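All remarks here apply to the structure that follows.
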Amino acid sequence: MDQGFDVVAAAGGDGTWSNVADRVVASGREDVAFGVLPSGTGNDFGRNLGFKPSDAAEAVRVLAQGHTRAVDVGRLETPSASEHAPDVLEARHFLNLVGFGFDIAVLDAAAGARFLRGELLYKLTALQQLFRFPGFRFVLRTSGGEQREGRHLMLTVSNGRFFGGGFPIAPEAHIDDGKLHACRIMDAPPLTRLRLFHLAEKGRHVQSERVEVLDDTSFRLVFDAPPRFEMDGEVRHAAEPALVVRILPRALRVVAPHSNIT
C-alpha cells in the first residue's frame, strides 16, 4: 500500500482475506480497494459479494474489471490472539463473522481431516459434533440494554449472510446494512440439534423458538472464562471473558461483481 498500489488482492479463503483486509482497514487508506480470489475452504465472504466459490476464472475477470463497492467491517475491540501466534494480543477487524461454541468445536474436528474440504467437510464434522458438543453459557447485551443468557449450542455474530461453506446463518444480513447480526441457538437434545442443522442449510432455523437473531451496531458478550472462538475461519483466544464487538459501516472498498447477492 505504501508503494502506490490502489488495489490489494488476496488469493485464499476467509482466513486469508480477513488477515489482509484487517491491515487494509487499519491503514486508514480509503483510496485502496481490496480484491479477493477464492481458493480456500469456506469462501463465505466471497459468497456474500456474489462470487461463485469454485469459479476462479470469474474472480480474475471481476478483479480485472475493477468494479468496487463499499462494505461494512466488523471489529472485535477486546484483544485476542491467533493460535498460530499466541503471544500477540490485538484488537482485530473481521469481514464475515465471529463464532462461539458449536462453531469452534466443528473447526477443531475439521482440522484433522485429510481428504475433505469446503461445504462437505463442514457438514460431516458438524453432524459428528451434534452428538458430542456439551453446550456452553454466555450473556449477550445489546447496545440498547437488552440481555440474553443461558445454555446455548452456538452463537455467531455476523456481518454477512453465509458461514460454514454456504449456510445462511443470518438470512437477512447484508454486508452494507450498517449492522451486526447475532444468531443465538439455544442448547437442545441431539435429535433436535440435528433438525435445527438441517433447517439451517436453507436459512429456516430462524423460525424455531430455540433461535433468535438480534440486529445491532454493537454487542457485549460475557463468558465464564476467556473463550476460544473463530474469526473468519481462524481460531483465536480472547484475553478476557468479556468481549465487545461492533460494526464499522462501509469501512472497506472491495472489488466485486456488478451483480451481487447481498
(message) Within region 231-246, does at least one residue satisfy the condition of being part of a strand (DSSP E or B), under 21 Å from G42 (Cα atoms), of a type in the set (A, V, I, L, M, F, W, C) and not assigned by TED's automatic domain parsing to the domain that holds A21?
(response) yes
(request) Look through G178, G150, G165, G160 and report the one residue that is modelled with pLDDT of 95 or more and in a loop (DSSP other than H, G, I, E, B). (result) G178
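Results for (1) within 17 Å of the chain's Cα centre (by Cα); (2) loosely packed, with under 15 Cβ neighbours inside 10 Å; (3) in a helix (DSSP H, G or I), shown as yes or no for each residue.
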residue: R141; (1), (2), (3): no, no, no
residue: R184; (1), (2), (3): yes, no, no
residue: L199; (1), (2), (3): no, no, yes
residue: H205; (1), (2), (3): no, no, yes
(message) Of everything in region 34-60, what is surrounded by 14 or more Cβ atoms within 10 Å (Cβ to Cβ), of a type in the set (D, E) and either out of contact with any helix residue (DSSP H, G or I) (no Cβ under 9 Å at 6 or more places or on another chain) or over 28 Å from T217 (Cβ atoms) (or both)? Give them in sequence order.
(response) E58
(request) Could you tell me which of the residues P38, P86, P53 is closer than 22 Å to R228 by Cα and touching a strand residue (DSSP E or B) at 6+ places or on another chain (Cβ under 9 Å)? (result) P86
(request) Considering only region 27-54, state which residues are farther than 20 Å from D176 by Cβ and modelled with pLDDT of 90 or more. (result) S27
(request) May I ask you to list the residues in region 16-33 that are surrounded by fewer than 23 Cβ atoms within 10 Å (Cβ to Cβ), in contact (Cβ under 8 Å) with a residue 60 or more places away in the chain, under 21 Å from E90 (Cβ atoms) and not aliphatic (A, V, I, L, M)? (result) N19, D22
(request) Test G233 against the criterion of being at positive phi and in contact with a strand residue (DSSP E or B) (Cβ under 8 Å, 6 or more places away or on another chain), and give yes or no. (result) no
(request) Report whether or not V157 is surrounded by 22 or more Cβ atoms within 10 Å (Cβ to Cβ), under 25 Å from A111 (Cα atoms) and not aromatic (F, W, Y). (result) yes
(request) Look at D87 and say whether it is surrounded by fewer than 16 Cβ atoms within 10 Å (Cβ to Cβ), over 25 Å from A182 (Cβ atoms) and either free of Cβ contacts under 8 Å to residues at least 12 places away in the same chain or touching a helix residue (DSSP H, G or I) at 6+ places or on another chain (Cβ under 6 Å) (or both). (result) yes
(request) Answer yes or no as to whether L63 is crowded, with 17+ Cβ neighbours inside 10 Å and either in the same structural domain as G50 (by TED's automatic domain parsing) or of a type in the set (S, T, N, Q) (or both). (result) yes
(message) Please verify whether P226 is closer than 19 Å to E149 by Cβ and part of a loop (DSSP other than H, G, I, E, B), treating the condition exactly as stated.
(response) yes
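The values are calculated or read from the model by the stated rules, or taken from the named source; none is laboratory data. Everything numeric here is computed off the predicted structure, so don't read it as measured data. FYI the Cβ positions are ideal-geometry reconstructions off the backbone, even for glycines, and counts take in every protein chain you see.
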